[in-house]
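Have a look at the structure below before the remarks.
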Amino acid sequence: MPRTTATGLILLLLMIMLSGCETLAQREKSKALTSTLKSYATTLRWSYLRRAYGFMRPEELRKTKIPPELENIKITGYEVMEKAAPAGEDSVIQVVRIDYVEQDRQQQKSLMDRQLWEFDKEAGRWYLISGIPEFSAAPRIRTSPLKK
């Protein structure tokens, strides 16, 4: 009987330790998400739009062309409208409103950005899957309708 009790106790302790490890892993993942979202928001608030592309997966970044007109954009506001909510085991969705100015025209604009973030277990970090929002600041060059 004592051997059965000892085995049961060992199994119970092992289960508690394993559940504690899972809780620790979840806590670390949550801390990484909070840090990533804060860092991304700061990057945009300071209008470091080219740096924002660094939050994308490297393989996606290689396929993405960074628009040259980003230099014309000044972020004036970044407000979380819907806090990060689970969208799967290793993904979350967050909705933010981004206010910005097209500097050459001094035109204020706003957009809603629905961000999809995914956790990469191997890299131990969160990546922006939905991509960087499109800011409409492309120079608008009018051509004469008389030219052919």
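What are the residues in region 41-58 that are of a type in the set (A, V, I, L, M) and in a loop (DSSP other than H, G, I, E, B), if any?
Across region 41-58, the qualifying residue is only M56.
Considering each residue of region 59-83, count those that are more than 14 Å from the chain's Cα centre (by Cα) and in a helix (DSSP H, G or I), and give that number.
Within region 59-83, residues that are more than 14 Å from the chain's Cα centre (by Cα) and in a helix (DSSP H, G or I) number 8.
Looking at T143, T76, which one is at pLDDT below 90 and hydroxyl-bearing (S, T, Y)?
T143
Restricting region 106-134 to residues that are loosely packed, with under 13 Cβ neighbours inside 10 Å and under 19 Å from E89 (Cβ atoms), which is modelled with the highest pLDDT? Before the answer, list the steps.
So in region 106-134, the residues loosely packed, with under 13 Cβ neighbours inside 10 Å come out as 106-108, 110, 112, 114, 120-124, 134.
From what's left, under 19 Å from E89 (Cβ atoms): 120-124.
On the way: D120: 96, K121: 92, E122: 93, A123: 93, G124: 93.
That would be D120.
For every residue, the table says whether it meets (1) polar (S, T, N, Q); (2) at pLDDT 95 or above; (3) closer than 17 Å to G131 by Cα.
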| position | (1), (2), (3) |
| --- | --- |
| Y53 | no, yes, yes |
| K65 | no, no, yes |
| N72 | yes, no, no |
| A87 | no, no, yes |
| Q94 | yes, yes, yes |
| R97 | no, yes, yes |
| E102 | no, no, no |
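Can you find a residue in region 15-35 that is in a loop (DSSP other than H, G, I, E, B) and modelled with pLDDT of 95 or more?
Just the residues of region 15-35 that are in a loop (DSSP other than H, G, I, E, B), to begin with: none.
No, region 15-35 contains no residue that is in a loop (DSSP other than H, G, I, E, B) and modelled with pLDDT of 95 or more.
Which of the residues spanning region 34-76 are out of contact with any helix residue (DSSP H, G or I) (no Cβ under 8 Å at 6 or more places or on another chain), in contact (Cβ under 8 Å) with a residue 24 or more places away in the chain and not polar (S, T, N, Q)?
Listed by number, the residues that qualify are L37, A41, R45, W46, M56, R57, E60, P67, E69, K74.
The values are calculated or read from the model by the stated rules, or taken from the named source; none is laboratory data. Being a predicted model, the structure only gives us computed values, none of them experimental. As a convention, Cβ positions derive from the backbone with ideal geometry for all residues, glycine included, and neighbour counts pool all protein chains shown.
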